[in-house]
Amino acid sequence: MIRFEQVSVRYEGTERPTLSGVDLTVPEGELVLLVGPSGVGKSTLLGAVSGLVPHFTGGTLSGRVTVDGRDTRTHKPRELADLVGTVGQDPLSHFVTDTVEDELAYGMESLGLAPDVMRRRVEETLDLLGLAGLRDRPIATLSGGQQQRVAIGSVLTPHPKVLVLDEPTSALDPAAAEEVLAVLQRLVHDLGTTVLMAEHRLERVVQYADRVVLLPSPGAAPVMGAPAEVMALSPVHPPVVALGRLAGWEPLPLSVRDARRRASDLRERLSSARPPAPAPVSSAAPAPVAPAPPGGGRGVLARLLGRGARTVPEAEPVPDVPARVERLGVRRGRVEALRRVTLTVAPGETVALMGRNGAGKSTLLGTLVGMVEPTAGTVLVGGRTPHRTQPREMVRRVGLVPQEPRDLLYADTVGAECEAADSDAGAAPGSCRALVSELLPDVPDDTHPRDLSEGQRLALALAVVLTARPPLLLLDEPTRGLDYAAKARLVGVLRALAAEGHAIVLATHDVELAAELAHRVVILADGEVVADGETGQVVVSSPAFAPQTAKILAPQEWLTVTQVRTALEAGS
């Protein structure tokens, strides 16, 4: 169905090609998973299938890519629209209408399908993706995960032969991700649809793949094979594979079910050990709020809100509790986004906010940073009411990394972003650049942020916010687009900040991140707190939010492969 013949892609101004010598075939009616570290060219390879590369992205494509016999060099994306459905990393860039139902119908209208066919397919897709209750909602009012499902639905309704999906589950909660993957399985098995998908959260998808294509490094030739064979040599792999490697299982398991069947010996080896106690919350006193740097500055909140700035002449102490929320309520039109939410975050504490898409996680972060005004209750951050405080004051108390990193990035180069971040924070020159190098190795200063992958842009936005070292750090889906190595580096940075007394609140669907990093997990449902407790207690008791290691080794309460490795090494 899809044929790459010695395909190379080079973008203007780059020293080496992003793709080089790609020669492979994707058979009809298979789900093929594309894996590799951030920045190796996965999105470029997907774009070559849909015709976006090079027709929209620029660059030089040599070799030949054909989809069902059509050459993508001579067929522009609109000439492939009846054959290839594409969803990129940023669903907002795909939307052309205002409401969910209109968006699902738009692609079929463009192809001239009959009204009765369109109506039937819209209803089918609403049911398939759990969107029926949102059919009349403006897309702008949906959560990021809900928008992701709408974007996927909009390319399903025309019934293309090929689906090209870039991080399709990255913004979805675990249950919604399972629903989407079940739909893709049905399309592959029942309708013979060919699916080519890039995904970093391999724990969700690798067991469903018929084949895996590994891009090991930029410009390197891809490796294609059976999932277990490729996972045995892949530098990026899910926890179930890491646990299999650690235990010496052959062949490697790809699903929790397969691993549980083989885990009896490992449970026996671990029976005399106990998972480590949760890392204590740091008792380090948070640093006083630094004085605002002179001049106008370009603080993070000022960027986000477009509001004026005010300089505070001298440092102020931070209250003992960086954030306190009591009986918080937020209403947006007819939607009650938050109801009676009470939450306290201590210095040095890392709290993971979890829950299904639309549960109110991003709204809660918005109230803590002052972007959302409460309709009931109280919110205090650093002793201030966020929505009533000038952004220039709040930016030294709280930093927010939103779901869309481009909201924080507006300079022409990575180096210029870092210089602006140092200036905003009053930090020593080079502070932001050092963080970028830690989170994002090998990215030159003269790289334009738009030329970075989604995960790389996120890492840059994190570095920009972390430069100010705010006492309270808020992260909204911080691992979206990050590979496992980048996620490990992020965990190291956040742990160091927590040890210094910084409070961290992260809204995430990444159960593995919560297990690795969080002291507490707070689960929201329909705007209310339904669980709040120590990470191990909350996630182990929840099938939806339990990490793979916990599921495999239950009833023993191990959360991460790191814990298991440490215990085995101590017992050897």
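The values are calculated or read from the model by the stated rules, or taken from the named source; none is laboratory data. Please read all numbers here as calculations on a predicted model, not as lab measurements. Positions of Cβ are backbone-derived with ideal geometry, glycine not excepted, and every protein chain shown enters the neighbour counts. In case anyone asks, the SASA skips ligands and DNA or RNA and just uses the protein heavy atoms, side chains included. Shrake-Rupley method; radii C 1.70, N 1.55, O 1.52, S 1.80 Å.
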Original post:
Within the set of pairs 6+ apart or on separate chains, which have a first residue in region 473-493 that is on the phi < 0 side of the Ramachandran plot and of a type outside the set (A, V, I, L, M), a second that is open to solvent by less than 10 Å² (accessible area, probe 1.4 Å) and part of a helix (DSSP H, G or I), and C-beta atoms under 6 Å apart?
Top reply: 476/365; 479/513; 489/439
Original post:
Out of curiosity, is residue 163 surrounded by 17 or more Cβ atoms within 10 Å (Cβ to Cβ), without any contact (Cβ under 8 Å) to a residue 40 or more places away in the chain and within 25 Å of residue 78 (Cα to Cα)?
Top reply: no
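When you scan region 18-137 for strands (runs of 3 or more DSSP E) that lie fully inside it, which ones turn up with 3 or more residues that are of a type outside the set (Phe, Trp, Tyr) and either without any contact (Cβ under 8 Å) to a residue 24 or more places away in the chain or surrounded by fewer than 18 Cβ atoms within 10 Å (Cβ to Cβ) (or both)?
Where strands (runs of 3 or more DSSP E) fall fully within region 18-137 and carry at least 3 residues being of a type outside the set (Phe, Trp, Tyr) and either without any contact (Cβ under 8 Å) to a residue 24 or more places away in the chain or surrounded by fewer than 18 Cβ atoms within 10 Å (Cβ to Cβ) (or both), they are 19-26, 60-67.
For region 422-532, which strands (runs of 3 or more DSSP E) that fit wholly inside it have 3 or more residues that are touching a strand residue (DSSP E or B) at 6+ places or on another chain (Cβ under 6 Å) and crowded, with 24+ Cβ neighbours inside 10 Å?
Working: elements: 472-476, 503-507, 520-525.
Counting at least 3 such residues, we get 472-476, 503-507.
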Subject >> Residue count for region 235-280, restricted to those that are of a type in the set (Val, Ile, Thr) and in a loop (DSSP other than H, G, I, E, B) >> reply: 1
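Please pick out the residue among 182, 151, 175 that is within 30 Å of residue 70 (Cα to Cα), surrounded by fewer than 22 Cβ atoms within 10 Å (Cβ to Cβ) and not hydroxyl-bearing (Ser, Thr, Tyr).
Details: 151 fails: surrounded by fewer than 22 Cβ atoms within 10 Å (Cβ to Cβ); 175 fails: within 30 Å of residue 70 (Cα to Cα).
Exactly one of 182, 151, 175 is within 30 Å of residue 70 (Cα to Cα), surrounded by fewer than 22 Cβ atoms within 10 Å (Cβ to Cβ) and not hydroxyl-bearing (Ser, Thr, Tyr), namely 182.
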Original post:
Looking only at residues in region 401-414 that are outside any loop (DSSP other than H, G, I, E, B) and open to solvent by 10 Å² or more (accessible area, probe 1.4 Å), which one is farthest from residue 444 (Cα to Cα)?
Top reply: 407
Subject >> residue 535 vs. criteria among the hydroxyl-bearing types (Ser, Thr, Tyr) and closer than 29 Å to residue 329 by Cα >> reply: yes
Subject >> Filter result for residue 12 (among the acidic types (Asp, Glu), modelled with pLDDT under 90 and either under 30 Å from residue 203 (Cα atoms) or more than 27 Å from the chain's Cα centre (by Cα) (or both)) >> reply: yes
Original post:
Across region 540-560, which residue is nearest to the chain's Cα centre (by Cα) among those that are more than 23 Å from residue 485 (Cα to Cα) and in a helix (DSSP H, G or I)?
Top reply: 540
**OP:** Could you tell me which numbered condition residue 553 fails, if it satisfies all but one of (1) surrounded by fewer than 20 Cβ atoms within 10 Å (Cβ to Cβ); (2) in contact (Cβ under 8 Å) with a residue 24 or more places away in the chain?
**Re:** (1)
**OP:** For residue 371, state whether it is surrounded by fewer than 24 Cβ atoms within 10 Å (Cβ to Cβ) and either of a type in the set (A, V, I, L, M, F, W, C) or modelled with pLDDT of 90 or more (or both).
**Re:** yes
**OP:** Being open to solvent by 20 Å² or more (accessible area, probe 1.4 Å) and polar (S, T, N, Q) is the filter here, so list the residues in region 556-572 that pass it.
**Re:** 556, 562, 563, 566, 572
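Is it the case that some residue within region 136-149 is aliphatic (A, V, I, L, M) and closer than 24 Å to residue 50 by Cα?
Looking for residues that are aliphatic (A, V, I, L, M) and closer than 24 Å to residue 50 by Cα, one finds none in region 136-149, hence no.
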**OP:** Identify, from the list 489, 469, 450, the residue that is of a type in the set (Lys, Arg), closer than 23 Å to residue 90 by Cα and modelled with pLDDT under 90.
**Re:** 450
Subject >> Members of region 189-212 that are farther than 27 Å from residue 551 by Cα and either touching an Asp or Glu at 6+ places or on another chain (Cβ under 8 Å) or outside any helix (DSSP H, G or I) (or both) >> reply: 192, 193, 194, 195, 196
**OP:** Quick one: residue 140 ticks every box in (1) open to solvent by less than 80 Å² (accessible area, probe 1.4 Å); (2) within 21 Å of residue 405 (Cβ to Cβ); (3) of a type outside the set (S, T, N, Q) except a single one, so which number is it?
**Re:** (1)
Original post:
For region 161-188, which residues satisfy the criterion of being part of a helix (DSSP H, G or I) and among the aliphatic types (A, V, I, L, M)?
Top reply: 175, 176, 177, 180, 181, 182, 183, 184, 187, 188
**OP:** Just name the residue that is modelled with the highest pLDDT out of those in region 536-551 that are of a type outside the set (Ser, Thr, Tyr) and farther than 18 Å from residue 178 by Cα.
**Re:** 550
Original post:
Within the set of pairs 6+ apart or on separate chains, which have a first residue in region 417-432 that is within 22 Å of residue 393 (Cβ to Cβ), a second that is of a type in the set (D, E, K, R) and part of a helix (DSSP H, G or I), and C-beta atoms under 7 Å apart?
Top reply: 431/422; 432/422
**OP:** Assess whether residue 240 counts as being out of contact with any Gly (no Cβ under 7 Å at 6 or more places or on another chain), surrounded by 15 or more Cβ atoms within 10 Å (Cβ to Cβ) and either aliphatic (A, V, I, L, M) or without any contact (Cβ under 8 Å) to a residue 24 or more places away in the chain (or both).
**Re:** yes
